[in-house]
Structures are given as C-alpha cells and as structure tokens.
C-alpha cells in the first residue's frame with residue numbers, strides 16, 4: 001500500500017473495497033423484501049400503500065444517493081492528492097447541505113404532499129399513505145447522514 005490515503009490499484013484492493021459496499025447495498029434490499037412479505041400477508045391494501053409511499057420516499061433517498069456520490073468523489077480526490085485536512089471540511093459542508101435538503105423534504109411531505117395524494121387516491125388510501133409518510137419522512141436526515149458517512153469511509157478507503 002502507498003503512503004497516506006493513496007492506494008495501489010489491484011484486483012485484490014478493488015475487491016476489499018467493493019465487498020463491504022455491496023453488502024451495505026444488499027441489506028436494505030433484504031429489509032424491503034421482508035417488509036413486503038409481511039405486509040402482503042396483512043392485506044393487499046397495506047402492501048399497496050407501502051409500495052406507493054416507498055416510491056415517494058425513494059425519490060428523496062435518491063437525492064441522498066446523489067449527495068453521497070458527489071461527496072465520495074470529492075473525498076477520494078482529496079485523499080488521492082494526499083490532502084486529508086480538506087476532507088473534514090468537505091464532509092461537514094456535505095452534512096449541512098444534506099440536512100437542509102432533508103428539512104425541505106420533511107416540509108414538503110408535511111404540507112404539500114397530502115393535498116397531492118388526496119387528489120389522486122381514494123380518501124382511505126390517501127389518509128393511510130399520509131399517516132405513514134408523516135412518520136417515515138423523519139428518517140430522512142438519518143438516512144442522509146448514514147449515506148454521507150459511507151461516502152466518507154469509502155473515500156478514505158475504510159469500507160470495512
């Protein structure tokens with residue numbers, strides 16, 4: 001291995017970095033499958049509401065994934081240039097941006113989304129979706145910080 005945060009490029013190094021990342025991406029998908037199985041046994045309507053709200057939440061999760069990719073790129077670049085002092089500053093700025101985006105998502109979900117859902121869904125489905133989203137959306141800041149933490153660890157080659 002090279003000095004500082006720089007790494008050698010080999011198949012072994014790529015595997016050591018990629019394996020924990022792949023596992024980290026697999027676990028949430030396993031959770032989604034398990035939730036769908038249980039909700040499907042509860043009722044078809046519960047499964048439909050969870051699917052709809054899941055897609056809505058996925059839009060906001062995608063924003064976090066974009067922040068994650070951008071941060072990982074910037075951190076990896078600074079690590080490759082052996083400028084570790086800048087990594088903390090970049091990470092702090094990314095967390096602040098993520099929290100602002102999460103606050104925006106929470107505000108939209110609390111005040112605007114209910115009107116939209118009531119327009120396109122039956123009253124019962126809309127109310128169930130709104131109730132679920134108003135709880136689930138509070139996980140957004142935690143999701144974003146978790147994603148950014150992963151970007152930091154991958155960017156400095158600490159993916160384990």
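Residues of segment 26-36 that are closer than 26 Å to residue 124 by Cβ and under 15 Å from the mean Cα position of the chain (by Cα): 32 alone. Looking at residue 39, is it over 13 Å from the mean Cα position of the chain (by Cα), closer than 15 Å to residue 146 by Cβ and free of Cβ contacts under 8 Å to residues at least 40 places away in the same chain? Answer is no for this residue. You will find that of 96, 30, the residue that is over 23 Å from residue 117 (Cα atoms), surrounded by fewer than 17 Cβ atoms within 10 Å (Cβ to Cβ) and modelled with pLDDT under 85 is 30 and no other. Kindly provide the set of residues from segment 125-142 that are surrounded by fewer than 18 Cβ atoms within 10 Å (Cβ to Cβ) and touching a residue at least 24 places away in the same chain (Cβ under 8 Å), ordered by number. Answer for segment 125-142, where residues must be surrounded by fewer than 18 Cβ atoms within 10 Å (Cβ to Cβ) and touching a residue at least 24 places away in the same chain (Cβ under 8 Å): 125, 134, 136, 138.
Would you pick out the residues in segment 1-21 that are at pLDDT 75 or above and surrounded by fewer than 12 Cβ atoms within 10 Å (Cβ to Cβ)? Result: 9, 10, 11, 12, 14, 15. Restricting attention to segment 47-72 and to residues that are touching a residue at least 60 places away in the same chain (Cβ under 8 Å) and more than 16 Å from residue 144 (Cα to Cα), the residue that is surrounded by the fewest Cβ atoms within 10 Å (Cβ to Cβ) turns out to be 48.
When residues in segment 115-124 are screened for being surrounded by fewer than 18 Cβ atoms within 10 Å (Cβ to Cβ) and in contact with a helix residue (DSSP H, G or I) (Cβ under 6 Å, 6 or more places away or on another chain), 1 of them pass.
The values are calculated or read from the model by the stated rules, or taken from the named source; none is laboratory data. Bear in mind the structure is a predicted one, so any value in this text is a computation, not a measurement. We place every Cβ from the backbone using ideal geometry, glycine too, and count neighbours over all the protein chains shown.
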